[in-house]
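Engineer: Sharing a structure below in structure tokens format, with a few things to ask.
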Amino acid sequence: MESDWYPARWLNAILDRVSWWVGLAVSRRGLSLAYFTCMAIFTLTGWVRPPIGRDIGGLHIPLLADDSGSATAAIYGPRSIAPLGVGTLMLGTIAIGVILVSISPKRVDVAAGLILCATLISTAAVWFNHADWVGELDRQDLQRRAIVTLLEESAVPPIPITSYPRVDGLPVDDAHGLWLNMGTYVPRHRSLFYLATFVAVALAVAGPLQRRLGYVLVWTSLGLVLGGVVSHKRLLAERLWVRAVDSDASGRLDEAEDLAWAALTGFPQMTSGRQAWEFLGRLDYRRGRDTSEARYFLAIQQGRNGDERGALGELNLLLGDKRLGKEIAKSFADILVLRAVRQARGYERDVAMQSIERAIELDPSQEYLPLFTAALRAPIEREDPTAVATLVDGRTPAMADRALAAALEAMLGDCYFECGYFSDARLRYDKSMALYSLPKQINYRGMRGKLGM
């Protein structure tokens, strides 16, 4: 009897426990906790995706505008957790929601509304409060395009590394009427995030549709208002900037200058972008002033018109300028990168390497420029492939662009193979295939190298 009794009792206990968990999962409290868990996961994932590097998560994005020059650290690392950041706001709000629902499951409507509100505030912070990130992300995109240009020329057929753009957001010139001075980088893959928050608020409220939509509208309005408060410095600065642009178009140049400087004083991060100094330089140039800003504007125009020698000459004279020196060095480096790409395509690799070395000297913060040097040296290196590998190995671990990392590894495989290090070449091809090989996106370069072994 006991042998029949105890297994039955154990089975009963197991079934009771399963029933309890199922009941919890489908209950209001269980569904709420599942929603909170999903929101926490979304919060911890990447909010901003650099062109090459790893995603920037919510914990590393400050909520308020930061004038300490943290753009380089946030994009290239090492990253630190922001005490008052997007992630801490979201996780704190989620924790409050968990407490409310644990005390009273009926308060899930308030918890969902708070999360919707926090989501809109966080989005406003990411959109508007980090204008200095835009220039750094654009420069990283320039580096990626330069590296891809060289890799595509030496891969037959080319690995589709340009099919996966890492930048979510557009420069201001292509932003479909977006009036922000420096443009912005929008949070990546947030559609599901926003949809979940709006739907959760609507489902959490009992009653007719009008009541549900009204509840969503109330929390959305509160979130938008608080988001405006959090990002008000940027919004006010942009309003002044729009007025400055209108005054410039109407020929009121002195008024335009006063408004532009008021905008830059109110939101100093805007001074880290090329657009601000170019606009001020255009105003000075039109009034015949011989200022650093006017000469900077002239140099940028020369670069756009294909006169690289003239542009570099003007920028070289301005490198010592105390106010514009940093931005001039970055613009100088950008022009040198473009020049190096053209030189490399014209088979002037030695001259291209000199241009890149000068660009790295001017702007050491551009972490991935040495990869361009590696791509230049790899096809012609016949003695020391480890010197090329050293330029790549320290940077690929931090790259989220697996297709680009795989192409670089296959490039090193080719380099080792041509130098006669066949076992090392095989290891590089294997690593390339492990990094990137999908059924519909074949790593032709790595596969070709392995087959050639």
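Engineer: Measure off 7 Å from each Cα along the Cα-to-Cβ vector at ILE103 and LEU64, then give the distance between these two points in nanometres to one decimal.
Structural biologist: Rounded to a tenth, the inter-label distance reads 2.8 nm.
Engineer: Additional query: Test of understanding: ordering SER292, SER423 by Cβ neighbours within 10 Å, fewest first, what list do you get?
Structural biologist: Least crowded to most crowded, the residues run SER423, SER292.
Engineer: Need the full-extension length gain, ARG29 to LEU338, defined as separation in residues times 0.36 nm minus the C-alpha distance. One decimal, nm.
Structural biologist: Length gained, ARG29 through LEU338: 105.5 nm.
Engineer: Given a Förster distance of 41 Å, report the FRET efficiency between ARG211 and ARG239 from their Cβ-Cβ distance, rounded to the nearest 0.05.
Structural biologist: 0.70
Engineer: Right, here's the next one. Can you compute log10 of I(q)/I(0) for the range 269-316 with the Debye formula, treating each Cα as one identical point scatterer, at q = 0.29 Å⁻¹?
Structural biologist: Per q value, in the given order, log10 I(q)/I(0) is -1.03.
Engineer: Place +1 on the Cβ of every Lys and Arg and -1 on the Cβ of every Asp and Glu in the range 259-416, take the dipole about the Cα centre, and give the residue among GLY273, ALA311, ALA260 whose Cα lies farthest towards its positive end.
Structural biologist: In the range 259-416, that residue is ALA260.
Engineer: Using the Cα gyration tensor of the range 81-127, with a ≥ b ≥ c the square roots of its eigenvalues, what is the shape: rounded (a/c below 1.5), prolate (a/b larger than b/c) or oblate (neither)?
Structural biologist: Verdict is oblate for the range 81-127.
Engineer: Report the extension gain between ARG252 and ARG323 in nm, rounded to one decimal, defined as 0.36 nm multiplied by the number of residues separating them, less their alpha carbon distance.
Structural biologist: Fully extending the segment from ARG252 to ARG323 adds 23.1 nm.
Engineer: Taking neighbour counts of Cβ atoms within 10 Å as a proxy for exposure, in what order, fewest first, do ASP254, ASP414 appear?
Structural biologist: ASP254, ASP414
Engineer: Sticking with this one: Just to verify a number: FRET efficiency for PHE198 and ALA434, C-beta to C-beta distance, R0 = 45 Å, to 0.05?
Structural biologist: 0.65
Engineer: How much net charge surrounds ARG342 when only other residues with a Cβ under 10 Å from its Cβ are counted (Lys, Arg +1; Asp, Glu -1)?
Structural biologist: So the environment of ARG342 carries a net charge of 0.
Engineer: Okay, next question. In nanometres, what is the gap between the two model label sites at ARG145 and ALA73, each 7 Å from Cα along Cα-to-Cβ?
Structural biologist: Output for this residue pair reads 3.0 nm.
Engineer: What Kirkwood radius, in Å to one decimal, follows from the Cα pairs of the range 23-145?
Structural biologist: After inverting the mean inverse Cα-Cα distance, the result is 15.6 Å.
Engineer: Be a star and scan the range 226-253 for residues whose amide nitrogen sits under 19 Å from the point 7 Å along the Cα-to-Cβ vector of ALA262.
Structural biologist: 232-253, by backbone N distance to the label point.
Engineer: Continuing with the same structure: Distance between the C-alpha centers of the range 308-385 and the range 230-274? Whole Å please.
Structural biologist: So the two Cα centres are separated by 32 Å.
Engineer: Write down the radius of gyration of the range 259-379 and its Dmax, each obtained from C-alpha positions, in Å.
Structural biologist: In Å, with Rg to one decimal and Dmax whole: 15.8, 52.
Quick note: the coordinates plus some simple rules give every number you see, no bench work behind them. In this text the structure is predicted, and so the values were computed from the model without any measurement. As a convention, Cβ positions derive from the backbone with ideal geometry for all residues, glycine included, and neighbour counts pool all protein chains shown.
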